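A.B. asks: Below you will find the structure I want to go over with you.
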Amino acid sequence: MSVDFMNFEVAEPNDLFKTVDHVARYFLGDSGRVVAWVWFRGEPRLKDENGPWELAPKAHRRRMNNGVREHIYSRDDEGQMAMAFLRQAPTRLPNCPGPTEYGLWLCLMQHFGLPTRLLDWTDSLFVAAFFAVEEKEEDDKDGVIWALYPNRLNRLSQQDDERPGAISMLHPGASKQLAYRAVEAVFKGPCQSIPGLHDCGAIAAMPCETDLRMTVQQSRFTIHASRQPLDAVDLPDDSRFLAKIRVLGSAKAPIRHALMQAGIRRSTLFPDLSGLADDLAATHGW
């Protein structure tokens with residue numbers, strides 16, 4: 001059966017603080033521990049014209065076609081886009097990674113918007129909340145903040161690993177780790193399975209920070225070798241690695257204001273001239 005995850009609800013800014021404790025308790029259960037390392041991901045809506053919003057990376061997303069959900073990109077498309085980017089980027093960007101530094105390349109591709117098998121997460125609940133409430137035109141729709149227990153996901157994902165539950169690094173020095181092999185497969189041909197990776201096909205990993213934006217957003221990734229959405233994988237009911245936090249549409253404007261007062265705004269999360277311009281326009285416009 002598909003993964004069973006807990007649902008929480010945010011109706012006002014103060015609920016964000018309460019949610020952190022509730023989510024940690026849900027993940028830890030009766031373990032006796034009081035702290036869980038949790039990652040978060042914010043999205044402005046629960047569903048769109050294609051149905052419920054799937055927890056999947058851009059390269060594995062689906063859309064409706066004649067009443068049937070179909071993948072936008074094939075596995076061949078994923079590899080071909082990655083190889084074309086790797087081949088053409090050096091003339092456009094100085095100091096690119098080395099030809100076989102695949103983890104660095106995939107982080108770079110994700111940063112510049114290429115569809116990849118990486119799904120963005122953050123260490124910060126408030127950064128995730130920003131992305132859930134930023135778009136004013138979505139205030140009439142409920143948003144969502146996903147909470148992920150990355151160590152538990154990796155324990156469920158890895159088979160016969162020497163360090164079960166450990167968080168890998170997307171760095172050339174970690175080339176023997178499972179996460180790096182899942183990245184490397186993109187550049188070496190379509191990969192139906194990764195030896196040692198459970199059928200859920202996703203693993204949590206720390207990125208190499210190739211841009212200041214990744215630092216301020218406290219970026220983290222899940223790598224998806226499987227094309228199945230993370231919220232629909234076939235795992236035991238007690239897996240407890242995922243929680244869903246619904247952000248009511250009526251709470252978006254107050255949360256947006258509270259985050260701005262706390263310094264969580266577009267110009268701080270996108271520390272470049274484009275982020276600054278967007279922030280100034282939003283602040284002085286209506």
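Each value in this text was obtained by applying a stated rule to the coordinates, not by laboratory testing. Just so we're clear, the structure is a prediction, and the values are computed from it rather than from any experiment. Because the Cβ atoms are built from the backbone with ideal geometry, glycine has one as well, and the counts that use them run over all protein chains shown.
A.B. asks: Given points 7 Å out from each Cα along the Cα-Cβ axis, report the MET206 to GLU137 separation in nanometres with one decimal.
C.D. replies: For the pair MET206/GLU137, the computed spacing is 3.9 nm.
A.B. asks: Each residue of region 121-126 in turn: what ³J(HN,Hα) in whole Hz from Karplus with 6.51, -1.76, 1.60 and θ = phi - 60°, glycine and Pro shown as x?
C.D. replies: Along region 121-126, the couplings run 9, 9, 5, 9, 4, 6 Hz.
A.B. asks: Amide H of SER239: which non-local residues (sequence gap of 5 or more, or other chain) have their own amide H closer than 5 Å, using H built in the peptide plane?
C.D. replies: ASP4
A.B. asks: Moving on. Can you spot the lysines whose alpha carbon is less than 27 Å from LYS58's alpha carbon? Ignore those fewer than 8 places along the same chain.
C.D. replies: In chain and number order, the partners are LYS47, LYS136, LYS141, LYS176, LYS188, LYS244, LYS252.
A.B. asks: Let me ask another. Any chance you could run the full-extension gain for VAL216 through GLU70? It's 0.36 nm times the residue separation minus the Cα-Cα distance, nm to one decimal.
C.D. replies: That works out to 49.1 nm of additional length.
A.B. asks: At 7 Å along Cα-to-Cβ for each site, give me the label-to-label distance between ALA281 and MET83 in nm.
C.D. replies: Label-label distance for ALA281 and MET83, simple model: 3.8 nm.
A.B. asks: Could you please state, rounded to a whole Å, how far the C-alpha centre of region 66-103 is from the C-alpha centre of region 109-131?
C.D. replies: One Cα centre to the other: 17 Å.
A.B. asks: Now for a different question. Sorting PHE27, PHE8, PHE112 on the 10 Å Cβ count, fewest up front, what's the list? List each step's numbers first, then the result.
C.D. replies: Numbers: PHE27 22, PHE8 17, PHE112 12.
Sorted ascending by nearby Cβ count, the order is PHE112, PHE8, PHE27.
A.B. asks: Let me ask you something else. Which order results if GLU134, GLU54 are arranged by neighbouring Cβ count within 10 Å, fewest first?
C.D. replies: GLU54, GLU134
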